[in-house]
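Worksheet: one structure, shown below.
Each reported figure results from applying straightforward, stated rules to the coordinates on display, with no laboratory input. As the structure is a prediction and not an experimental result, all values here were calculated from the model. Here the Cβ is made from the backbone with ideal geometry for all residues, glycine too, and neighbour counts use every protein chain on show.
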Amino acid sequence: MKTRRLDNYGKINRDKILSFRWDKKNYKGFEGDTLASALLANNIGIVGRSFKYHRPRGIFSSGVEESGALVTIGSKDRRDPNVRATTQELYNGLEASGQNAFPNVNFDLAGINNYLGRFFAAGFYYKTFMGIPPLEWGKGTAIWMFFEKFIRKAAGMGSASGLPDPDTYEHAHDFCDLIVVGSGPAGVAAALEAAEKKLDVILVEQDSLIGGNQLAENDFDNSQIKNQLENLGIKIMTRTTAFGLYDNCVVGLLERVTDHISAPNVNIPRQRFWTIRAKHIIVGAGAIERHISFNNNDIPGVMTVNASKHYLNRYGVLTGKRIVIATNNDSVYETAHQLSEAGANVTVLDSRTNFEIETNKSFEIRKGYVPYNINGSKKIDSLDISKSEIINKFETINCDQVLLSGGWSPAVHLLSHRGVKPKWDYNNACFLPSDTKENITMVGSSRGLWNKNDCIASGIAGTTDALNRLGISKTNYFFPKPGGWKNPIQPLYEVKYKKSRSKSFVDYQHDVTTDDVRLAHREGFISVEHLKRYTTLGMANDQGKMGNIIGLSLMAELLNKEIPEVGTTVFRPPYTPVSIGALSGRNVGKHFRPLRVTPMHQWNIDHGAKMIEVGLYQRPWYYPKENETLSDSYIREASTVRKTVGICDVTSLGKIAIQGPDSTEFLNRIYSNGFSKLQVGKARYGIMLRDDGIVMDDGTSWRLAENEYFMTTSTGEAAKVMSWLEELLQTRWTDLNVNVTSVSEQWAGVSVAGPKSREVLNNCVDDSLVVTNNNLPFMGVTSTFLKGNIPCRIARISFSGELAFEVYVKSDFANTMMDLLWANAKKYDGCLYGLEALGALRVEKGHVTAAELDGRVTIDDAGLSKMASTKKSYIGSAMRKRGVLKNNDREILVGFFPTNLKETFNAGTIVCEKNNIKGQGIGRITSVTYSPELGHWIGLGFVKGGLDKWKDTNLIGADPVRNKQMNLKVVSPHMIDPKGERMYA
Amino acid sequence: MIRINCPYCGERDHSEFSYGGDATINYPSLDASEKEWTEAIFFRKNIKGFQFETWHHSNGCRMWLVVERSTVTHEIKSVKPCHPDLQKVVENNK
Ligand SMILES: [Zn+2]
């Protein structure tokens, strides 16, 4: 094949020369070129190797359906594999290379796979993995498992860089009355008509230029159209692909902002991922020309007819010298004429015998002929042709290019995303879009219209349809009938090769041949969806845009059915690939998810806190002094709390204001324990169950006034509890007069814990009397003032087991509160303590948290049966003793000590009986800590039957993940101060 | 993307909402039997077509809504507040 640039053709800008590199060599192209057109202009015919057989592959198309010219663009961290050279705009300095070949596409060592074809037939991988002895090798799977990794490596397409993506991506949103996909004659007509009728219109075009397939015409100029569209205020989005249609007229767009620029501004995102909410969608996505399957139909130099027309008229590249066009329809004749005018020697093989075409006789037409076999390997040497009535080799034509047109497939993909099945049209040998109740209208050649005037008429009709459906007008309209060629198309999908071992490709990129389809049929994979998965037909980058119909027709023939009876595979988004970067947008790195900090976040850090993520929250983990490690630090902090006093930021707890005359009744229904008699000025620990009787969350509620409570929840369940309370009040107990308000952000909270906590608070409150044991007994609540006239709420609540208080101030006062408390705590050799010490203290005390309350645990399992009122009904009370929840071998909360107190263990350890170390054992350890108080490691967890059953038995802690095993002793979960004397002090 | 026309906020993306569940369940009284509760919380119809379901406008006005949605097409026929008193208010303001 000899491809070359012509002087008087194309719309490229010859004043702007661009240099680029292909496979490490320098070449030149022009502004307006795609990589594919520039490669062709430089007479580069082989641009890749095929997936399985490593056959040399050239450029098949000029658009998104490309399945041959998949290349890698860029290098290092900007390496982008599997880019279609046909849609990649050329820019100065572009670096591209061929894929799937070593050392390069011209000389590929793995080309030998071509001769091992029978080992790579359809279902090869499935057979390998199912353990069926493959073919005549006779031996089982093992040998293939050995080879598999080599095969995988040899079969890979381009590879990703493996480096972090240096580019930025953006998510953007817009809305409009009408979105028009495709800027061909139909789409433009629709958009203009809609804008004239005052609709707000977005016009989307995947190409860099508007015009659609008119860009392949020699006399097309889009500047006037562009002006018209802009003057009517239509938003034109080029280089933008509508990759998917979703519910409620939502359209996903991918805008390639800088992929065509050599040195993009770093402040501009590489791509934008748009979510468009429209009221109506018009799809004028065009149609895609199909190839024809016959032997060696993949040799570089094979191309669709329309692609050749594009290269000639848009890019000024003549793709061959002696060109044979093989067709079954009228669409090729204008191209044949133009190619011969441009200097090529053109022969048209038309499978039809009876038809009339007007030509100027500048090229030969062979009526009733079809292509049979291409001779050549890296380029086309000649083409064997056959009479279409009796298929056999008949005659050989010398040529360097074979252009194919097996008919046109309307791009019904977007409609298919909505679950609308296309219908087969026998007259035009293609699938046509069906009607849908949704506000989507198909126009132009994507509804099977082959003439420009019909397309324009359909665009206007489409907009009228939209206006009617939107209730703006009530106008009659009609769509032109599908078709439009003078002579009918004659279905032609495959020209059967008479010798065995044909290489007639259906799906180029995945090397699916007609033989593979027949093999799938023989092996029973006759449903379209099975055929697709077994052969991987239509599963490559192009998603079967060219080959699917051919595959279907072959299966129809094998089954002795018609194509519509065989069915069609469902197209799913995206229409063309969408990069992962665009999907994630700005939600990467630190912005992967929102970050929540407490109002004293900076204060904590300034005072030496190391932070840890708890859900979305950043919480103080530990406050190391000098060279302290995490364990040094938390052990010191926990000991200090037990000895003197510690201060801990507990702001992340959920906080809910519960107000209204029925508040008490409400709490009494949602908590398992009684709340009806809680006095004003008192708080109570409470447990909430789910409807099904499992523990949902625990927390406290403080009665601030007759009809007002302040509820705290766990950090992790805060949002869920809030939604739950709202659900109950709005859906079930609509007669209750209660209002719930989340005040989590409004209040900053701190725990002051330890024997000296009262002294510290004493010094911090305005009126020291409020915190005396009499005025503020255990579980007492007061609303008072910190020094400096700062309003606060104090409850005497203990999570650590020590004398302790929770103090809340409005978030704005958080730092002031911390300064005040810390200045006074220091006087008693107090400390700041973090989550790790908090954990140690609560494990020592046997208090449960999310690690224990994991959604499988009942109130009895957690050892909190006393919290389940028998005097009232509440959420979950009817279900908490149901079926298996009654079993007496349920796992019950216990404490664990290592039998050898010098040993350690981890959360996640499985508890087993001594001679039965297997499976799920009889329990599990959920939380562990070093206990500063006891001087050894302790754990909380669950064991079947609980403490009573195992208290004198030596059990085994199995930790297979860490390859550890230790002897365990089961103890009461209340490992220190079981009577709570310290709390009540 | 499902778009839900919240009676308070207007039409919004479903990502602002959280799915609740079957809106037609009549939850038994708290002192009802285990059997009644079992039926209320474990047994669900698997409807093909329109069903009433609750959605919480959790990233919006925080109201619980009854949405009549087709499980086949996602088409939404109606959206109402769950709370009957609020339903009346919305009706009266139409
Ligand atoms: Zn709302």
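Under 5 Å between amide H atoms, partner at least 5 residues away or on a different chain: which partners does A:MET442 have, H built in plane at 1.01 Å?
It is A:VAL283, by chain and number.
Would you calculate a helix-derived [θ] at 222 nm for chain A, using -39,500 (n - 2.57) for each DSSP H run of n ≥ 4 and dividing by the full residue count, to the nearest 500?
-6000 deg cm²/dmol
Classify region A:1-95 as rounded, prolate or oblate from the Cα gyration tensor: take a ≥ b ≥ c as the square roots of its eigenvalues, call it rounded if a/c is under 1.5, otherwise prolate when a/b beats b/c and oblate if not.
It is oblate, given that a/c is not under 1.5 and a/b is not larger than b/c.
Can you figure out the FRET efficiency of A:ASN453 with B:SER15, using R₀ = 51 Å and their beta-carbon distance, to the nearest 0.05? Show your work: numbers first, answer last.
On the way: r = 44 Å, r/R0 = 0.85.
Here the calculated transfer efficiency is 0.70.
Using the Cα centre of region A:504-561 as origin and beta-carbon charges of +1 (Lys, Arg) and -1 (Asp, Glu), tell me which of A:GLN543, A:THR513, A:MET555 is placed farthest towards the positive end of the dipole.
Of the candidates, A:MET555 comes out farthest on the positive side.
Any lysines with Cα under 29 Å of the A:LYS499 Cα? List them, leaving off those in the same chain fewer than 8 positions away.
Output for A:LYS499: A:LYS52, A:LYS127, A:LYS367, A:LYS378, A:LYS379, A:LYS387, A:LYS393, A:LYS532, A:LYS545, A:LYS561.
Taking the Cα-to-Cβ direction at B:PHE42 and at A:LYS677 and moving 7 Å from each Cα, how far apart do the two end points lie in nm?
Going by the 7 Å Cα→Cβ label model, 3.5 nm.
Of A:PRO573, A:LEU39, A:ASN213, which is farthest along the charge dipole of the protein assembly as shown in the positive direction, counting Lys and Arg as +1 and Asp and Glu as -1 at C-beta?
After comparing all options, I get A:LEU39.
If you add up the charges near A:PHE220, with Lys and Arg at +1 and Asp and Glu at -1, over every other residue whose beta carbon is less than 15 angstrom from its beta carbon, what do you get?
After counting each charged neighbour, the total is -1.
Take the Cα atoms of the protein assembly as shown, find their three principal axes, and give me the spread along each one in whole Å, biggest first.
So the three principal-axis extents are 113, 73, 60 Å.
5 Å is the cut-off here: which amide hydrogens, built 1.01 Å from N in the peptide plane, fall below it relative to B:ILE2, excluding neighbours closer than 5 in sequence?
B:HIS14
Placing +1 at every Lys and Arg Cβ and -1 at every Asp and Glu Cβ, with all other atoms neutral, what dipole size does the protein assembly as shown have around its Cα centre, in debye to the nearest 20?
Charge dipole of the protein assembly as shown: 1940 debye, to the nearest 20.
Out of residues 5 or more away from A:ASN967 or on other chains, whose amide H comes under 5 Å of its own, with H placed 1.01 Å from N in the peptide plane?
Here A:THR899, A:ASN900, A:GLY957 satisfy the definition.
Step through the residues of region A:88-93 one at a time and calculate ³J(HN,Hα) from phi using the Karplus curve (6.51 cos²θ - 1.76 cosθ + 1.60, θ = phi - 60°), rounding each to whole Hz and writing x for Gly and Pro.
My calculation for region A:88-93 gives 7, 5, 6, 9, 5, x Hz in order.
Suppose each label sits 7 Å from its Cα in the direction of the beta carbon; what would the A:ASN773-A:LYS198 distance come out to in nanometres?
8.1
Suppose every Lys and Arg Cβ carries +1 and every Asp and Glu Cβ carries -1, with no other charges. What dipole size does region A:886-985 come out with about its Cα centre, to the nearest 20 debye?
With only Lys, Arg, Asp and Glu charged at Cβ, the dipole is about 240 debye.
If you count the DSSP beta bridges with both ends in the protein assembly as shown, what percent of them are antiparallel, to the nearest 5?
So the antiparallel bridges in the protein assembly as shown amount to around 75 percent.
Going by Cα centres, region A:337-381 and region A:911-929 are how many Å apart?
78
Taking R0 as 22 Å, what's the FRET efficiency between A:ARG690 and A:ALA719 from their Cβ-Cβ distance, rounded to 0.05?
0.90
What does the net charge come to around A:LYS787 if you take all other residues with beta carbon closer than 13 Å to its beta carbon, with K and R at +1 and D and E at -1?
Once all neighbours under 13 Å are counted, the net charge is -3.
Work out how much length A:LEU616 to A:SER362 would gain on full extension: take 0.36 nm times their residue separation and subtract the Cα-Cα distance, in nm to one decimal.
Contour length minus the Cα-Cα distance gives 84.2 nm.
Report the local net charge at A:ASP80: Lys and Arg +1, Asp and Glu -1, summed over other residues whose C-beta lies under 13 Å from its C-beta.
It works out to a net charge of +1.
Would you work out if region A:886-985 is rounded, prolate or oblate? Take a ≥ b ≥ c from the square roots of the eigenvalues of the alpha-carbon gyration tensor; rounded if a/c is under 1.5, else prolate when a/b is larger than b/c, oblate otherwise.
On the way: a/c = 2.12, a/b = 1.32, b/c = 1.60.
Cα axes put region A:886-985 in the oblate bin.
With just the Cα atoms defining each centre, how far is region A:22-68 from region A:285-316? Give it in Å.
About 13 Å separates the Cα centre of region A:22-68 from the one of region A:285-316.
If each of B:HIS74 and A:ARG78 carries a label point 7 Å out from its Cα toward its Cβ, how far apart are those two points in nm?
Reported label-point gap for B:HIS74 and A:ARG78 is 3.6 nm.
Working out 0.36 nm times the residue gap between A:ASN789 and A:ASP854, then minus their Cα-Cα distance, what length gain in nm do you get to one decimal?
Numbers: separation 65, 0.36 × 65 = 23.40 nm, distance 4.19 nm.
Length gained, A:ASN789 through A:ASP854: 19.2 nm.
Efficiency by 1/(1 + (r/R0)^6): what FRET value for A:MET539 and A:LEU163, r their Cβ-Cβ distance, R0 = 22 Å, to the nearest 0.05? Could the numbers behind the result be given before it?
Details: r = 27 Å, r/R0 = 1.24.
That gives a FRET efficiency of 0.20.
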